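Here the structure is laid out as structure tokens; the discussion comes afterwards.
All of the numbers you see were taken from the coordinates with simple rules; none came from a lab. Because the structure is a prediction, the values reported are computed rather than measured. Cβ placement follows ideal geometry from the backbone for every residue including glycine, while neighbour counts extend to all protein chains displayed.
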Amino acid sequence: MNSDHAFQVSDEAVKGNNFSLTKSESNHAIRVLRLRKHDELYLLDGIGNGYRASIESPDPACVSGKILEIIPEYGENTFFIHLGIALIKRDRFEFILEKSTEMGVREITPLNLDRCAKKTVNSQRCEKIVITAAKQCHRSRFPIIHPSVRLHDFFVYPKEQVIVGKMNAGLTLKVLELNASFPIHVIIGPEGDFSEQEIKLMNDKDVAYFNLGNRRLRSETAALNSIAILNELLG
């Protein structure tokens, strides 16, 4: 028996106490991981439900079996973090996607800021990365990746608790008065920092600035450091 493995399952593929996997997930389970009849595994529907299950039919074209346990919010934080991250080089941006998924971020919005060299993202590739990361760390919610937007579009809908990482800001995350009952929106800029126009816009939106120390950090380092601190403070 091996229950360490997790697989994506659609909500429609769970019917009562029965489940079935797609062809690609089935092939991976049987031909790659060599799972057999009666082996246990975890199923993740991506919208907040985890399942402990047992294989009854080890068919590499369509694995099916029985649900043993339903685990609501399996692997999830009790608080909601939305990361708005500047578009940076592809490998580093994808690193942020993977690690922020592992750290429990619920939504990610790529920000096309004035000093970003990169302007677009491959949404399908991004989705694949977060699903793979979610399965690896056993998360029942797959982070939502929004289309890239300009900063002013990030504020189209009213948002409370918007916090922004900024060099020389007077406050640290520890002293910000954040309410874990409501979403927390974290903005991390590019290494070239925000433009004057972007600072003015955020000032007008009454965001709270925070610093991460006296060293200049890369965007991916600042993002993951911020999430780690928030996890510690709010969890």
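Brief remarks follow.
- Computed 3J(HN,Hα) for segment 137-144, one whole-Hz value per residue from the Karplus formula 6.51 cos²θ - 1.76 cosθ + 1.60 where θ = phi - 60°, is 9, 6, 10, 8, 10, 8, x, 7, glycine and proline marked x.
- By the helix-only formula, in which each DSSP H run with n ≥ 4 contributes -39500 (n - 2.57) and the sum is divided by residues, the chain has a 222 nm mean residue ellipticity of -8000 deg cm²/dmol.
- Charge dipole magnitude, Cβ of K and R +1, D and E -1 - the chain, Cα centre, debye nearest 20: 660 debye
- Taking label points 7 Å from Cα along the Cα-to-Cβ direction, Ala61 and Asp206 give a separation of 6.2 nm.
- Mean sequence separation of contacting Cα pairs (under 8 Å, at least six apart), scaled by the length of the chain, corresponds to a relative contact order of 19 percent.
- Counting 0.36 nm for each residue step from Glu69 to Asn225 and taking away their Cα separation leaves a gain of 52.7 nm.
- For segment 1-64, trypsin sites (Lys or Arg not before Pro) meeting the loop criterion (DSSP other than H, G, I, E, B) and having at most 16 other Cβ atoms within 10 Å: Arg34, Arg36, Lys37.
- Cα shape, segment 6-72, gyration tensor, a/c 1.5 rule: prolate
- Of [x] 24; [y] 41; [z] 32, the label for percent of Cα pairs over 27 Å apart derived from the coordinates: [y]
- Under 14 Å from the Cα of Lys37 - aspartates and glutamates, other chains or at least 8 residues apart: Glu56, Asp59
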